[in-house]
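One structure is given below, encoded as structure tokens.
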Amino acid sequence: MGTVPTGVRGLDVLLDGGFPQGSAIMIEGAPGTGKTTLGMQFLYYGALKDGEAGFYITFEEFPDQLYADAQALGWDLRKMEREGLLRVISMSPDIFLEHVIDPGGMIEKLIGELNCKRIVVDSISLFRYGTTDEQEHRRMLYRLRNIFRKLGLTSLLIKERGTRKEESGFEAYIADGFIQLQLKEQMDKYRVRTLEILKMRGRRIREGEHIYRMTDNGIRLIPARSMVEDLALLNGQGKVPTGIALLDELLEGGITKGSVYLLDTNSKANYKYLIASVLANRFQAGEKVLALLSSFLTPQDLGKMLALHGLSIGQMAQENNIFFIEHYTRPYPTDCESSVMDVSGLDNRQYREVVQGKITELIEQHSDWFVYYDLNTIIAERGRDYATKYFAEDSAGIKALGMTMLVLCNFSEVGPEVSAFLERTCNGVIRTWVDGAYQYLQVVKSPNGVISEPYVVETTTQAPFMRLT
Ligand SMILES: Nc1ncnc2c1ncn2[C@@H]1O[C@H](COP(=O)(O)OP(=O)(O)OP(=O)(O)O)[C@@H](O)[C@H]1O
Ligand SMILES: [Mg+2]
């Protein structure tokens, strides 16, 4: 399947080149967010750069404003129409539907005449006025999508978003892609326009909200900095599998070396198998592990789980392949004692000195470390302020050394503000939770931009003892 440039360079970056050819993309946004501009820009640049003709259906009775707005952006629509590269059609939604549904009818003829490749419908919200029957509305939209697809058109279906915070309707399910434009209050001081791609069939999407501006040349989108950095930094870096088949597929091979992943979980969810499998795979890849274990995952538990993967925790400690930062005075499996750094009696200043001294020294002796870090323990033992104050610094240090870190944290316990901060700071976020009788797992952020759907976690009898379904 081909790719159709969007007319917005930054958006093409996010979409690996553009919209999938022949797809129907829903563009949703409140009044004034720039939907019409985006639609027109898509057609204008398609005509200008690729010589592809486009169709603009507007339900405005007098489309003069459309021409004037475009002119202000330097787009001469009338000239483009004269050259046979654009057609702006103003009609009522009912008449449009009537014509479009008619095979060989007026719309189809016009599309054929112009050899049209792109179409914008501004806006499908107005279809609602024709019918109050939701079922009928859905069928009609479905039909419209199929007709556009059959005619080989890549379509943008503009949809107004009310001021109510309603869920996006079924339209988003019918469309192949779904892009949301928003005007957001930022820190009570200023407003930013953000674009988010919530769905794009057949495309790996770069997740997150990206800022765009309305400029004298149309829409300009600036892909979020973290994403660009991640791509530059992580491209070509090695991957180490987690050992959980479907998860590795989602992560395109595993956890990227030199990045920080967060595992958001609560004590109800069983994350221990996941941790054990990740650690076993790191050992097998020849990495050393520095572990800060929570009160829920004792050193003995970890020893038992690694044994299920055929690894002896004592032997690894003896060979200096695993070290522990210990906040609770508790028993360790045999042969591990020399690898334990007991920090239980230290205050925050002393602990910081150990981190910056002894631990940094240890880490710098070897190049391949994997750090497993329980942030809940740090918050419980060192306080929230300590955790947030040093988290960014420590993870930046670890990334700078090319090392990988997996951080365990319970988002619902740390609250939305800290969670948002953590999510921004980390390259990847995996979430696992229990709802009713099932445990779920979802990749909500990854350096490749992959967001997965939620999977059910099944327990199995052999390593890695879990499977995603
Ligand atoms: N050069 C520019 N610089 C800054 N803002 C601009 C510029 N050109 C247009 N705008 C703003 O862009 C918005 C219009 O965008 P557009 O008509 O595409 O929005 P829309 O989402 O289609 O709105 P509606 O829902 O009302 O149809 C206006 O708020 C206008 O002030
Ligand atoms: Mg508009």
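Side notes on the structure shown:
- Accessible area per residue for the chain, computed on protein heavy atoms with a 1.4 Å probe, is 46 Å².
- Cα coordinate range in region 3-223, projected on the principal axes (Å, largest first): 52, 41, 35
- With Cα atoms, 0 to 90° folded angle of helix 384-400 axis to the chain main axis: 80 degrees
- Angstrom value of the Kirkwood radius, inverse mean 1/r, which spans all Cα pairs in region 421-469: 11.9 Å
- Dipole-positive endmost among Gly449, Thr360, Ile111 within the chain (Cβ charges, Cα centre): Ile111
- Around the amide H of Ala53, modelled in the peptide plane, lie the amide H atoms of Lys117, all under 5 Å away and 5 or more residues distant in sequence or on another chain.
- Between helix 35-50 and the chain: long-axis angle, C-alpha atoms, 0 to 90°, nearest 10: 80 degrees
- Helix 225-234 axis, angle to the chain major axis (alpha carbon atoms, nearest 10°): 60 degrees
- Sulfur and carbon atoms: percent of accessible area, the chain [1.4 Å]: 49 percent
- For the chain, the fraction of alpha-carbon pairs in successive 20 Å shells from zero, as %: 22, 43, 26, 9, 0
- Annotation: region 1-59 has a Kirkwood hydrodynamic radius of 12.1 angstrom, from the mean reciprocal C-alpha pair distance.
- Within region 3-223, percent of DSSP bridges classed antiparallel, to nearest 5: 45 percent
- Relative contact order computed over region 1-81 (Cα-Cα under 8 Å; 6+ residues apart), in percent: 23 percent
- Rounded to 5, the percent of DSSP beta bridges in region 230-468 classed as antiparallel: 40 percent
- Prolate/oblate/rounded label for region 230-468 (Cα gyration tensor, a/c 1.5): rounded
- Expected-Rg normalisation [2.2 N^0.38 Å, Cα atoms] applied to region 370-469: 1.18
- Per-residue ellipticity at 222 nm from helix content only, as computed over the chain with -39500 (n - 2.57) for each DSSP H run of at least four residues, stands at -10500 deg cm²/dmol.
- The DSSP beta bridges internal to the chain are antiparallel in roughly 40% of cases.
- Size descriptor for region 320-424, Kirkwood hydrodynamic radius: 14.8 Å (Cα pairs only, one decimal).
- Pairs with C-alpha atoms separated by more than 23 Å, drawn from the list Lys117/Lys159; Lys239/Lys304; Lys257/Lys288, are Lys239/Lys304.
The values are calculated or read from the model by the stated rules, or taken from the named source; none is laboratory data. In this text, all values refer to a predicted model and were calculated from it rather than measured experimentally. As a convention, Cβ positions derive from the backbone with ideal geometry for all residues, glycine included, and neighbour counts pool all protein chains shown. These area figures cover heavy atoms from the full protein model, side chains too; ligands, DNA and RNA do not enter into them. Shrake-Rupley method; radii C 1.70, N 1.55, O 1.52, S 1.80 Å.
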